[in-house]
Amino acid sequence: MRRKNNNREIEVDEIFLDQKNAPGFHQESMEGMLENPIKNRIFWFLGVFLITMLTVFGLRVGYLQLARGEELKSRSEKNYLRVVSLGTQRGIIYDRNGDPLAYDDTVGTENLRKYPPDGFLHVLGFLTAPEKEGGAPKGASGLESTYDEILRGSPDRNIEEVDAKGNVVELGILEKGQEGKNILTGLSRGLNIKLAEAINSLKEERGFKGGAGIFMDIKSGEILALASAPEFNPNLLSQKNSSEEINKLLHDKGKPFLNRAVSGLYAPGSIVKPALAIGALLENIITPDKKILSTGSISLPNPYDPLRPNVFLDWKAHGWVDMRQALAVSSDVYFYEVGGGYHDQKGLGPWNIKKYFSMFGFEEKSGIDLPGEKSGHLPDPSEKQGGRDWTIGDTYHMAIGQGDVTVTPIEIVSYVTAIASDGVLQYPHLVRAILDKNKKPLQIFSYPPKRVLPVSPDIFKVIKEGMRDSAKFGTAQGLSGLPIEIAAKTGTAEIGGTNTVNSWSIGFFPYENPRVAFAILMESGPRQNTVGATYVAAQVIRWITDTGFLSKLDNDILPK
């Protein structure tokens, strides 16, 4: 029997290596270790595993491709991907004390926007329906519209694979959203409710078509209250099956969607007389103490019919009045003559009247942070007046706020603020700051004055004294019985071709240290009615004094 020859030459290092590493070898570098070759059975095992997997995979592919190919092709063609925006929490609108005015209320899986039912429609606004399923509603009016991007935030966006039956097959997050931020306004919840109640009550009792009112902080330009009537409960728009009620509102002749405070254009009547008086003093047309006689009217020759002179009526015969008295009793004859001239009394003329009305912002938008603001209109001799040229009568009408002169309530309250502050014309605004979820300010807004008017304090002093007399014994004496000194001016503007008038009441208080200005309009009421906007002002100012509102005005949630 032949032996197998296993003789091979032994290496030197194999002779001297022991079972353990010799001293001095670096074991961490594997010195002194023997290398064993990989066993053949490992390769055999891996080969079997790979062949098995490839066989299984091939069989599965064959099954799907051959046996179920048509079925899966049809299914894949009906599947689709869609991006879904999930609802997010809309920011809260707070009043000046941190009380929520507009907020999201979660009902089931849906966020419903909640508002006070009365008094805030035209300042807070409302939302539109989402543009698509799963989308977020957008602000349609009021603060909800102006600050929509801040309040709305950005929703989570998911990507979904949906089968032909509408079932979600796969779900993934495409983009992480962010909740809306909160805003702090200068509004007082209580004051706004009281103002809206007073306007609505007088509207119903005295037959006015509508009304609007604004109270404004003279020092800062913050709007403390803003209301417009008629209105409706904005929560109605969040309810389902309310299309019939909404359709009625859209066709309501009272125009409840119109924000009369910023978008309504009205003849101002006698509330323009303080601005005219300031212009007359600046142009040296008259001195404060010079008196003009009002016998109840003035007349001018009629070039077309000498037997029928043009008569311009005062609302009563006031006798001899100086500027302060003329403002207090609202003498039309005085301002006819100062505005357009009469006999030896020089007048401002239409271009100067327009100049000084414009100086107070009568023909420009105030810049308030609400959508839809309109600007008033001031006529001038370059315009045709019903197809004819300008006449002295047009100047007379312009001087007392009639004719084609139109203003908005927000323009008027800014004008009053400028008088009260000796010429500082503020930017009226509603929002003071952006807040985080803990009511801490993320950003505090700053609003510098729009401009400072080139009028001396001595001139403003004369005007303010005349307005104070108006509240004491003149046309605004309905404010005389209140426990606070008020300076005011009234206006009654005739509406052409009707037997109705607009009633205005404007003013500021406290008289010695003015802090709050107001402008109230009652729209289109019966001419014979003797109760108007001053009655509303008296009720609201009474509420202010009874509640100690002024003493709390600076105690709000913003850091000092």
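Remark: the Cα gyration tensor places segment 318-430 in the oblate category, a/c being 1.5 or greater and a/b not exceeding b/c.
Among the listed pairs Lys384/Lys450; Lys273/Lys346; Lys209/Lys316; Lys209/Lys450; Lys316/Lys354; Lys355/Lys472, which have their C-alpha atoms separated by more than 22 angstrom in this model? Over 22 Å Cα-Cα: Lys384/Lys450; Lys209/Lys316; Lys209/Lys450; Lys316/Lys354; Lys355/Lys472. If you sort the three axes of the alpha carbon gyration tensor as a ≥ b ≥ c, you get a/c of 1.5 or more for segment 261-349 and a/b no higher than b/c, which makes it oblate. In terms of packing, defined here as the mean over residues of other Cβ atoms within 10 angstrom, the peptides 329-336, 280-287 line up highest first as 329-336, 280-287.
On a 18 Å Cα-Cα criterion, which of the cross-link pairs Lys194/Lys489; Lys437/Lys552; Lys290/Lys461 come out too long?
Beyond 18 Å between Cα atoms: Lys194/Lys489; Lys437/Lys552.
Peptide packing for 495-502, 231-238 was compared via the average number of neighbouring C-beta atoms within 10 Å per residue; ordered from the highest value, the list is 231-238, 495-502.
Shown here for segment 471-553: trypsin sites (Lys or Arg not before Pro) in loop regions (DSSP other than H, G, I, E, B) with at most 11 other Cβ atoms within 10 Å, namely Arg527.
Taking the Cα centroid of segment 355-430 and of segment 469-499, what is the distance between the two, rounded to the nearest whole Å? Here the two parts' Cα centres lie 20 Å apart.
Each value in this text was obtained by applying a stated rule to the coordinates, not by laboratory testing. Keep in mind that this is a model prediction, so the values were computed, not measured. As a convention, Cβ positions derive from the backbone with ideal geometry for all residues, glycine included, and neighbour counts pool all protein chains shown.
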